[in-house]
Amino acid sequence: MSLIPNDASKIEVTGATVDFYKVEKDGESTYYFDTSKCGPPDPMVNAVCGLKLIKGTDDKLVMINHKAPGGLFSKLGDDVSYEIQEAPEGLVKIVFTSNGSSQAATDLENISH
């Protein structure tokens, strides 16, 4: 069972090690990726690649993983919000959004994996 919507289109994302998908609706985009079967550092690598897509936008990034990436959360400034949702089969879905009005910008280029 995939947690990525059926109407999502596969896209190329620079530096990603898994497939990324995009859904556009009402002028906003939601990007999806699944690292639930990956080990470190792939979840963090792909999350950083995805966060670069939404930085400074109203778009969303959805990460599907086997657990919440606590190490990533500690590296985010208040310019990135996230919500953790329980998903089927013991997985978690993390929805990231960019807070463009924040003063503390996350330095995505220097997050170590």
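Any idea what the dipole of the chain comes to, in debye rounded to 20, about its Cα centre with Lys/Arg Cβ at +1 and Asp/Glu Cβ at -1? Show your work: numbers first, answer last.
Working: 10 positive and 17 negative charges, 52 e Å.
Computed about the Cα centre, the dipole is about 260 debye.
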Say we join alpha carbon atoms closer than 10 Å with springs in a Gaussian network model of the chain; which of ILE11, ILE94, ILE84 then has the biggest fluctuation?
ILE11
Using the Cβ atoms and a cut-off under 9 Å, what net charge is assigned to the surroundings of LEU53, where Lys and Arg are +1 and Asp and Glu are -1?
+2
Work from the charge dipole of the chain (Cβ charges, +1 for Lys and Arg, -1 for Asp and Glu, about the Cα centre) and give the residue of LEU53, VAL95, ILE64 farthest towards its positive end.
ILE64
Return the lysines within reach of LYS75: Cα separation strictly under 20 angstrom, same-chain partners fewer than 8 residues apart disregarded; answer none if there are no such residues.
LYS52, LYS55, LYS60, LYS67, LYS93
Gaussian network model of the chain, springs between alpha carbon atoms under 10 Å - residue of GLU24, GLU89, GLU12 with greatest fluctuation:
GLU89
Figure the gain on full extension for HIS66 and LYS52 (residue separation times 0.36 nm, minus the Cα-Cα span) and round it to one decimal in nm.
2.8 nm
Most to least accessible of THR97, THR14 (protein chains only, probe 1.4 Å)
THR14, THR97
Which residue, GLY56, GLY39, GLY70, tops the fluctuation ranking in a GNM of the chain built on C-alpha contacts under 10 Å?
GLY70
Could you tell me the relative contact order of the chain? Use alpha-carbon pairs under 8 Å, at least six residues apart, and round to a whole percent.
22 percent
Taking 0.36 nm per residue of sequence separation and subtracting the Cα-Cα distance, how much length would be gained by fully extending the chain between LYS37 and GLU24, in nm to one decimal?
2.1 nm
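The values are calculated or read from the model by the stated rules, or taken from the named source; none is laboratory data. Model, not experiment: these values are computed from the prediction. Don't worry about glycine lacking a Cβ; one is built from the backbone with ideal geometry, like all the others, and counts go over all protein chains shown. The area values use the complete protein model at the heavy-atom level, side chains included, leaving out ligands, DNA and RNA. Shrake-Rupley method; radii C 1.70, N 1.55, O 1.52, S 1.80 Å.
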